[in-house]
Amino acid sequence: LVVDNPYLVSVAVTAYVTAIAVYGLDVLLGYTGQLSLAHAGFFGIGGYAVAILTAEYELSFWLALPLALALTSTLAHIVGLAALRTRHDYFAIFTLAVGVMIVIVIDRWESLTGGTDGIIGVPPPTSIGPLSFASLTAQYYLVLAFLVFTIYVVWSLVHSLVGRTFLAVRNSEDLARAVGIDAGRTHQLAFVISAALAGLGGALYAVFLGYIGPSMGNVQMTFMMLVYLMIGGAASLAGPLVGTLLVMGLMQALQAFDDYQMMVLGPILVVVVV
């Protein structure tokens, strides 16, 4: 209603989709204190699952989405069983290796993922009765609805007994165990929820762009999501959205600097973090 420029609307949609994944990172890092560097890998898995099911098998988006989330959550549960035997720096290193392996599999499994070319021609979400999502405006409101839903889910989680359990484990795992909290199960649950939200963001990203490639799941994207979270503030309901909008908006404003964009953005980010 405010901006009539399709490009700026596309940037806003991309920011909303990314913010959904950043909320997943916040659940794990902000509320349980564990840093997963495989987050973009699960983002890519969700995107590829929806892209393959809709573009290759012509399945409806509304059927492909829950299947993609189920696949992402299942893989996260399996990875978590091994990764969560470690803590802190070792956990980050383990998940970094997992993230790299996910990208390698996506890049090399050409018959399924298209290899370095990715998957082109991912269709937009299928219509629901009279509601069509073919236009950019309709896709904007659809992504916005998923973002609001994500924020509500995280808010409900944080204010529940489960959320308080997350915080207890983050603040003092030994004390949490002493009062009867199963810290291992708590970390596992947070890891799966985090990956599921990343998968949701990846799925929406794929159908919005109409394309997905290996770069969508690389470690660099994980670090960018981490920057968004740090700027906005971890363990904050508004933090992931504010940080994502702020940094992505700043990067758009600095496009005129072209090759020097990161040289200008870098010091700004350092100052804001400090």
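For region 19-69, a residue qualifies if it is open to solvent by 10 Å² or more (accessible area, probe 1.4 Å) and farther than 22 Å from SER127 by Cα, and the qualifying residues are LEU29, TYR31, GLY33, LEU35, LEU37, ILE45.
Of all residues in region 107-126, those satisfying the criterion of being in a loop (DSSP other than H, G, I, E, B), within 14 Å of PHE208 (Cα to Cα) and either out of contact with any strand residue (DSSP E or B) (no Cβ under 8 Å at 6 or more places or on another chain) or open to solvent by less than 30 Å² (accessible area, probe 1.4 Å) (or both) are VAL122, PRO123, PRO124, PRO125, THR126. Taken over region 71-96, the residue count meeting the criterion of being in a helix (DSSP H, G or I) and open to solvent by 50 Å² or more (accessible area, probe 1.4 Å) is 12. What tally of residues in region 242-274 results from selecting those that are closer than 30 Å to LEU167 by Cα, in contact with a helix residue (DSSP H, G or I) (Cβ under 7 Å, 6 or more places away or on another chain) and either of a type in the set (S, T, N, Q) or open to solvent by 40 Å² or more (accessible area, probe 1.4 Å) (or both)? Counting residues in region 242-274 that are closer than 30 Å to LEU167 by Cα, in contact with a helix residue (DSSP H, G or I) (Cβ under 7 Å, 6 or more places away or on another chain) and either of a type in the set (S, T, N, Q) or open to solvent by 40 Å² or more (accessible area, probe 1.4 Å) (or both) gives 6. Filtering region 165-181 to residues that are surrounded by fewer than 10 Cβ atoms within 10 Å (Cβ to Cβ) and among the charged types (D, E, K, R) leaves only ASP174.
The selection criterion, being without any contact (Cβ under 8 Å) to a residue 12 or more places away in the chain and either touching a Cys at 6+ places or on another chain (Cβ under 7 Å) or over 28 Å from ILE45 (Cα atoms) (or both), holds for LEU254. Scanning region 203-238 for residues that are open to solvent by less than 10 Å² (accessible area, probe 1.4 Å) and closer than 18 Å to SER36 by Cα turns up GLY217, THR222, MET225, LEU229.
Of all positions in region 187-202, none carries a residue that is open to solvent by less than 40 Å² (accessible area, probe 1.4 Å), without any contact (Cβ under 8 Å) to a residue 24 or more places away in the chain and assigned to a helix (DSSP H, G or I).
The values are calculated or read from the model by the stated rules, or taken from the named source; none is laboratory data. All of these numbers come straight from a predicted model, not from anything done at the bench. Note: ideal-geometry Cβ built from the backbone for every residue, glycine included; neighbour counts use all protein chains shown. Ligands, DNA and RNA are excluded from the accessible area calculation, which covers all protein heavy atoms including side chains. Shrake-Rupley method; radii C 1.70, N 1.55, O 1.52, S 1.80 Å.
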